[in-house]
Structure formats: structure tokens, C-alpha cells
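K.L.:
Supplied in C-alpha cells, the structure appears directly below.
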Amino acid sequence: VGVLTIKIGDYQTCLEYFSTELEVRRDIGSRTCDIIFTKRCLGDIHRRLKNYDESLRYFTEAIDQQQSMGRSKPLASLFNAIGVLQINKGNVDDALQYFENAHDVLKEIEGNNDLSTATTLQNKGNAYYAKESFDKAIISYRSSMRLLKKALGDDHEEVLGSLSNIGKAYFGKSLFDEAMQIFELVLQKYKQKSNPEVNSLEISSTINSIAGIHLKRGSFSESVMCYKRSLKMKELILDSEDIDCLETKRNLAWARFKQTRYTDALSILNRVLAVLKTKHTDNELNLIITLEMIASVFFKKRAYRKAKLNYEEVLNMKLVRFGESHRQYVSTLHNIALVHGEEGNLDSALELLIDVLQKKTIL
């Protein structure tokens with residue numbers, strides 16, 4: 001029942017079932033491997049519920065017990081699980097170390113030629129991507145894709161997902177032609193499948209990536225068209241207030257912003273913000289991005305007081321999440337300095353810009 005509730009997405013009920021299961025296993029003296037499995041599930045549920053400290057506690061207990069049983073796939077799986085948790089917490093360097101640990105275990109027992117290794121390499125690629133180390137991300141994604149192709153075939157969904165990740169890394173490097181070629185190839189392969197409707201979310205996600213390239217190239221009308229097409233496909237499958245739909249709406253708003261249609265952009269962003277504040281209160285990163293976009297729209301509309309209020313709210317959130325030495329914090333501080341300058345508070349603007357310059361020099 002616990003596994004079924006995970007698939008349904010009812011994580012709170014799932015937590016109750018697995019907590020009860022752990023108590024019963026302890027009472028009846030279950031095998032250590034069964035207790036480890038239950039702790040692994042509890043760690044994953046707490047991660048999904050954003051209870052990161054509890055998640056880490058269960059994963060750590062499971063790893064301590066698993067290590068006493070020797071090097072094995074379950075141990076590598078637990079290292080991967082903690083790595084994903086650390087990415088969720090924003091600790092990318094820690095995540096990479098756990099993924100390396102998982103990879104080392106798998107190389108010992110599988111010879112670096114297994115689907116579990118492919119998953120680990122994919123995780124390493126995601127961590128490098130989060131660090132904006134795009135070249136290293138591409139190397140990891142390609143290594144993962146080679147193993148996936150060998151096991152699953154060239155056109156399997158996991159292979160195409162890995163190929164899409166490579167495209168995203170090229171996008172991160174501003175190699176838009178290379179990224180576009182990959183996304184168009186992925187889109188073509190999905191459409192060639194016998195039942196492309198099954199992959200509608202993957203298709204819409206790929207169209208979303210293509211829209212991002214149009215946006216970077218300054219082809220704003222094409223970008224708007226792609227975002228609308230992607231959103232229409234997503235809303236046929238997902239609730240319109242699902243986080244995936246909200247992110248596409250936000251992207252559409254930014255395309256409108258680039259078209260200087262500030263009122264349209266602000267209207268979309270405010271609707272997204274309202275849903276985030278009521279239905280996705282735990283999704284802080286999306287809240288930060290949306291608030292900063294709204295601040296940028298106010299800045300362009302010369303509503304400087306409103307822009308400053310939003311930027312300052314974002315700055316406080318970034319301070320807690322990233323710290324004052326992170327580039328994300330410095331970027332928002334720079335924007336606040338620009339607002340002060342436009343308001344005529346030149347001394348304040350100069351003081352903030354000097355602070356920004358010092359922090360950027362360190363970065």
C-alpha cells in the first residue's frame with residue numbers, strides 16, 4: 001500500500017504506512033536488508049515532502065547498515081539517493097561526492113557497464129549542470145547515454161531524455177545551433193513513435209526548450225508560439241495549476257516581456273504568483289524566479305518603488321537560500337542598485353555597486 005501511495009503522490013499517507021511498516025519490521029525481527037529498504041523508502045518520502053533533515057537521517061541509517069553488508073548495488077543506490085537529496089538542498093558539491101561514491105561502488109562490482117551506472121552518470125551530469133560546469137555535464141550525459149543505448153536501444157525514452165539533457169547543457173554554453181539540432185532530433189524521434197500521445201509531456205518539454213532558444217536568439221514571436229503550443233499540450237494532461245504548467249506560463253510571460261508587452265507579462269506573472277503562494281508554498285525557487293521577473297517588469301514600466309520592494313523580497317530569500325557570496329544574491333543586489341540610480345538616489349546606488357563589484361571580484 002505504501003508503494004502504491006507513492007505512485008499516486010499521496011506522500012503524507014505513504015509516510016504513515018512506511019512508518020508503521022518500520023515499527024512492525026523491528027518488532028518481528030525482519031532481515032536487515034528489509035529494514036534498510038523501508039528506511040530507504042522513508043528517506044525518499046521525506047525528501048519529497050521537503051523534510052530534508054528527516055530524509056538525511058533515514059538515508060544515513062540505511063547506509064550505515066548497508067555498508068556493514070559489503071559493497072553492493074543497494075549501497076550505490078543509497079549514495080545516489082543522498083546525492084539527489086543534497087541537490088534538492090542546494091549542496092551540489094556534496095551531491096557530486098555522493099554520486100562519485102556510488103560510481104566507485106558500481107565500477108567495483110559491475111565494471112562500469114550497467115544501467116545503475118547509467119543512472120549514476122546521469123545524476124553526476126545533473127550536478128555538474130547545476131554548477132554550470134556544462135562541459136563536464138555533457139561528458140557525464142554522453143557516457144550515460146552510451147550505456148542506455150546499449151541496454152535499451154537508440155530510441156528509448158531514457159536515451160532521448162539523456163540526449164535532451166545534452167541539448168540543455170549546450171544551451172547553457174550558449175551554443176544555440178548545437179542545442180537546436182539536438183532538440184529537433186529528439187522531437188522528431190518522439191513523433192515517429194507508434195503512439196506519440198504517450199510521450200506528450202516529453203514532446204511539450206522539448207518544444208519548451210526550442211522556445212527558449214528562439215527567445216535567446218531574439219525571435220520573440222516564434223518563442224511565444226512555441227510556449228503556447230507547449231502549454232496547450234501540458235494542460236491536456238496536467239492540471240493547469242501544476243508546477244510544470246506554471247513554469248511554462250512564466251516562460252511565456254518572459255517572452256511577452258521581451259516583446260515589450262509589459263502589461264501582458266505582468267498579468268501572467270501575477271496569476272502564476274497567486275497559485276505558487278496558495279498551492280506550491282514549498283517551492284521557494286519558483287517563487288524567487290517569479291518575484292524577480294515581476295520586479296523586472298515593474299522596473300521597465302518605471303514603477304521603481306514596486307520594483308525595489310520585489311527585488312528586496314527576493315534578496316532576503318536568496319540570502320537565506322544561497323548566502324551573500326552567491327552569484328544569485330549578487331545579481332539581485334545589482335538590480336536594486338540600478339533601481340536606486342533610476343530613483344536619483346545616486347549615493348546609495350554607488351555604495352551598492354561598489355559592494356557588487358567587490359563580491360563579483362571574489363566570485
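The values are calculated or read from the model by the stated rules, or taken from the named source; none is laboratory data. All of these numbers come straight from a predicted model, not from anything done at the bench. Positions of Cβ are generated from backbone atoms using ideal geometry, with glycine treated the same way; all protein chains shown enter the neighbour counts. Heavy atoms of the whole protein, side chains included, go into the accessibility calculation; ligands, DNA and RNA do not. Shrake-Rupley method; radii C 1.70, N 1.55, O 1.52, S 1.80 Å.
K.L.:
Quick check: is even one residue across the range 125-132 part of a helix (DSSP H, G or I) and touching an Asp or Glu at 6+ places or on another chain (Cβ under 6 Å)? Even if it seems obvious, please write down each step before you answer.
P.N.:
So the first thing to find is which residues in the range 125-132 are part of a helix (DSSP H, G or I), and the list is 125-130.
Okay, now just the ones that are also touching an Asp or Glu at 6+ places or on another chain (Cβ under 6 Å), so none.
Checking the range 125-132: not a single residue is part of a helix (DSSP H, G or I) and touching an Asp or Glu at 6+ places or on another chain (Cβ under 6 Å).
K.L.:
Filter the range 140-155 for residues that are assigned to a helix (DSSP H, G or I) and out of contact with any helix residue (DSSP H, G or I) (no Cβ under 8 Å at 6 or more places or on another chain); which is nearest to ASN101 (Cα to Cα)?
P.N.:
Residue satisfying both the conditions and the ranking: ARG146.
K.L.:
Looking only at the range 228-242, which residues are farther than 13 Å from LEU201 by Cα and assigned to a helix (DSSP H, G or I)? Write out each step before concluding.
P.N.:
Residues of the range 228-242 farther than 13 Å from LEU201 by Cα: 228, 240-241.
Matches in the range 228-242: LYS228 only.
K.L.:
Take TYR58 and tell me if it is in contact with a Cys (Cβ under 9 Å, 6 or more places away or on another chain), of a type in the set (Ser, Thr, Tyr) and surrounded by 14 or more Cβ atoms within 10 Å (Cβ to Cβ).
P.N.:
Details: in contact with a Cys (Cβ under 9 Å, 6 or more places away or on another chain): yes; of a type in the set (Ser, Thr, Tyr): yes; surrounded by 14 or more Cβ atoms within 10 Å (Cβ to Cβ): yes.
Considered against the rule, which asks whether it is in contact with a Cys (Cβ under 9 Å, 6 or more places away or on another chain), of a type in the set (Ser, Thr, Tyr) and surrounded by 14 or more Cβ atoms within 10 Å (Cβ to Cβ), TYR58 comes out as yes.
K.L.:
Got a number for residues in the range 199-218 being surrounded by 16 or more Cβ atoms within 10 Å (Cβ to Cβ) and under 26 Å from VAL297 (Cα atoms)?
P.N.:
Counting residues in the range 199-218 that are surrounded by 16 or more Cβ atoms within 10 Å (Cβ to Cβ) and under 26 Å from VAL297 (Cα atoms) gives 10.
K.L.:
Taking the range 99-129 only, how many residues are among the aliphatic types (A, V, I, L, M) and open to solvent by 50 Å² or more (accessible area, probe 1.4 Å)?
P.N.:
In the first step, residues of the range 99-129 are kept if they are among the aliphatic types (A, V, I, L, M); the result is 102, 105-106, 109, 115, 118, 121, 127.
Retained after the next criterion (residues that are open to solvent by 50 Å² or more (accessible area, probe 1.4 Å)): 109, 115.
Total satisfying the criteria: 2.
Residue-wise test of (1) out of contact with any Asp or Glu (no Cβ under 9 Å at 6 or more places or on another chain); (2) under 15 Å from PHE298 (Cβ atoms); (3) modelled with pLDDT of 95 or more.
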residue: LEU231; (1), (2), (3): yes, no, yes
residue: GLU235; (1), (2), (3): no, no, no
residue: GLU241; (1), (2), (3): yes, no, no
residue: LEU246; (1), (2), (3): yes, no, yes
residue: LYS249; (1), (2), (3): yes, no, yes
residue: PHE257; (1), (2), (3): no, yes, yes
residue: THR260; (1), (2), (3): yes, yes, yes
residue: ALA265; (1), (2), (3): yes, yes, yes
residue: ILE268; (1), (2), (3): yes, yes, yes
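K.L.:
Of these, ASP64, ASP94, ASP135, which one is in a helix (DSSP H, G or I), exposed (fewer than 15 other Cβ atoms within 10 Å of the Cβ), at negative phi and out of contact with any Lys or Arg (no Cβ under 9 Å at 6 or more places or on another chain)?
P.N.:
Working: ASP94 fails: exposed (fewer than 15 other Cβ atoms within 10 Å of the Cβ); ASP135 fails: out of contact with any Lys or Arg (no Cβ under 9 Å at 6 or more places or on another chain).
Exactly one residue qualifies, and that residue is ASP64.
K.L.:
Output the residues belonging to the range 70-91 that are closer than 14 Å to ILE109 by Cα and open to solvent by 50 Å² or more (accessible area, probe 1.4 Å).
P.N.:
First, pick out the residues of the range 70-91 that are closer than 14 Å to ILE109 by Cα: 70-77.
The answer is ARG71, LYS73, PRO74.
K.L.:
Determine which member of the set LEU246, LEU236 is within 30 Å of LEU49 (Cα to Cα), in contact (Cβ under 8 Å) with a residue 12 or more places away in the chain and open to solvent by less than 20 Å² (accessible area, probe 1.4 Å). So that I can check it myself, show each step before the final result.
P.N.:
On the way: LEU236 fails: open to solvent by less than 20 Å² (accessible area, probe 1.4 Å).
Only one candidate passes the filter, namely LEU246.
K.L.:
Look through the range 91-131, keep the residues that are of a type in the set (A, V, I, L, M) and more than 17 Å from the chain's Cα centre (by Cα), and return whichever of them is nearest to ASN80 (Cα to Cα).
P.N.:
Of the residues in the range 91-131, the ones of a type in the set (A, V, I, L, M) are 92, 95-96, 102, 105-106, 109, 115, 118, 121, 127, 130.
Checking which are more than 17 Å from the chain's Cα centre (by Cα) leaves us with 102, 105-106, 109, 115, 118.
Values: ALA102: 6, VAL105: 11, LEU106: 11, ILE109: 16, LEU115: 13, ALA118: 12 Å.
The residue in question is ALA102.
K.L.:
Here is a further query. For the structure I just gave you, tell me whether LYS39 is under 25 Å from SER116 (Cα atoms), open to solvent by 80 Å² or more (accessible area, probe 1.4 Å), out of contact with any strand residue (DSSP E or B) (no Cβ under 8 Å at 6 or more places or on another chain) and part of a helix (DSSP H, G or I).
P.N.:
On the way: under 25 Å from SER116 (Cα atoms): yes; open to solvent by 80 Å² or more (accessible area, probe 1.4 Å): no; out of contact with any strand residue (DSSP E or B) (no Cβ under 8 Å at 6 or more places or on another chain): yes; part of a helix (DSSP H, G or I): yes.
Judged against the criteria, LYS39 is not a match.
K.L.:
Looking at GLU16, GLU23, which one is exposed (fewer than 13 other Cβ atoms within 10 Å of the Cβ) and either modelled with pLDDT of 90 or more or acidic (Asp, Glu) (or both)?
P.N.:
Working: GLU16 fails: exposed (fewer than 13 other Cβ atoms within 10 Å of the Cβ).
Of GLU16, GLU23, the one residue that is exposed (fewer than 13 other Cβ atoms within 10 Å of the Cβ) and either modelled with pLDDT of 90 or more or acidic (Asp, Glu) (or both) is GLU23.
K.L.:
Can you pull out every residue in the range 67-91 that is basic (Lys, Arg) and part of a helix (DSSP H, G or I)? Walk me through it before giving the result.
P.N.:
Filtering the range 67-91 down to residues basic (Lys, Arg) leaves 71, 73, 89.
Once the filter is applied, which keeps residues that are basic (Lys, Arg) and part of a helix (DSSP H, G or I), the range 67-91 yields LYS73, LYS89.
K.L.:
Give the number of residues within the range 305-363 that are within 26 Å of ASN91 (Cβ to Cβ), of a type in the set (Lys, Arg) and open to solvent by 70 Å² or more (accessible area, probe 1.4 Å).
P.N.:
Result for the range 305-363: 3.
Matching residues to (1) modelled with pLDDT of 90 or more; (2) more than 23 Å from GLU284 (Cα to Cα):
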| site | (1), (2) |
| --- | --- |
| TYR11 | no, no |
| ILE36 | yes, yes |
| LYS39 | yes, yes |
| GLY43 | yes, no |
| HIS46 | yes, no |
| LYS50 | no, no |
| THR60 | yes, yes |
| MET69 | no, yes |
| LEU75 | yes, yes |
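K.L.:
I'd like to know if the range 124-139 contains one or more residues that are among the polar types (S, T, N, Q) and touching a helix residue (DSSP H, G or I) at 6+ places or on another chain (Cβ under 6 Å). So that I can check it myself, show each step before the final result.
P.N.:
Let us first name the residues in the range 124-139 that are among the polar types (S, T, N, Q), namely 126, 133.
Within this subset, residues satisfying the condition of being touching a helix residue (DSSP H, G or I) at 6+ places or on another chain (Cβ under 6 Å) are none.
No, the range 124-139 contains no residue that is among the polar types (S, T, N, Q) and touching a helix residue (DSSP H, G or I) at 6+ places or on another chain (Cβ under 6 Å).
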